[in-house]
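The values are calculated or read from the model by the stated rules, or taken from the named source; none is laboratory data. Bear in mind the structure is a predicted one, so any value in this text is a computation, not a measurement. In this analysis, Cβ positions are derived from the backbone assuming ideal geometry, glycine residues included, and neighbour counts consider all displayed protein chains.
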Amino acid sequence: MEDIQAFPIAFVEASTLVEEAQVVVFRCKQEDDSPFNIAVPYDQLANLMLVASQASSAIRKSGSSDPKKKITYPVEWWEAGVAEEDPNVVLLSIRLDGGSEMTYHFHRNAIALMREVFGNILGQGTSAPPDTSKH
């Protein structure tokens, strides 16, 4: 494997939207508190989130972390609906505190199972859910 020059990030301090350059700048620090910035183009933010998620999964699978520990995030808002292009696909958009938003798509059959699982978790069996499509 070739040597990769990298700056180890000890802490991600903040992010700043730079509209004129269409980038998000992440302010970071190294172990010795030396600051440095990383600029990520708008259109690459979703890719950055995806590869960070994949790396986190790889760490869990390698045994380098507690496989039972789940990283959780508080949800600020969510919305569910049917995809316009396919009525068998349900979309679930989730916004985290701070504004990060992701939309997931599920086949209608998966939603039926999720409904049953949530009903069981809440001790409600499989009764019809209330109208709570937006929160």
TODO: Filter segment 55-76 down to residues that are more than 20 Å from Ser15 (Cβ to Cβ), of a type in the set (S, T, N, Q) and surrounded by 10 or more Cβ atoms within 10 Å (Cβ to Cβ), then give me how many there are.
DONE: 2
TODO: Please verify whether segment 13-32 includes one or more residues that are within 28 Å of Ala112 (Cα to Cα), in contact with a Ser or Thr (Cβ under 9 Å, 6 or more places away or on another chain) and not charged (D, E, K, R).
DONE: no
Task: For Glu79: the one exception among (1) loosely packed, with under 12 Cβ neighbours inside 10 Å; (2) at pLDDT 95 or above - done: (1)
TODO: Could you list, in sequence order, all residues of segment 22-53 that are in a helix (DSSP H, G or I) and among the hydroxyl-bearing types (Ser, Thr, Tyr)?
DONE: Tyr42, Ser53
- [ ] Scan segment 6-19 and give yes if some residue there is at pLDDT below 85, over 17 Å from the mean Cα position of the chain (by Cα), within 29 Å of Asn109 (Cβ to Cβ) and not acidic (Asp, Glu), otherwise no.
- [x] no
Open item on the list: The conditions are (1) under 11 Å from the mean Cα position of the chain (by Cα); (2) surrounded by 10 or more Cβ atoms within 10 Å (Cβ to Cβ); (3) among the hydrophobic types (A, V, I, L, M, F, W, C), and Val90 fails exactly one of them. Which is it?
Closed with: (1)
TODO: For segment 85-128, enumerate the residues that are of a type in the set (Ser, Thr, Tyr) and either in the same structural domain as Ala46 (by TED's automatic domain parsing) or not in a strand (DSSP E or B) (or both).
DONE: Ser100, Thr126, Ser127
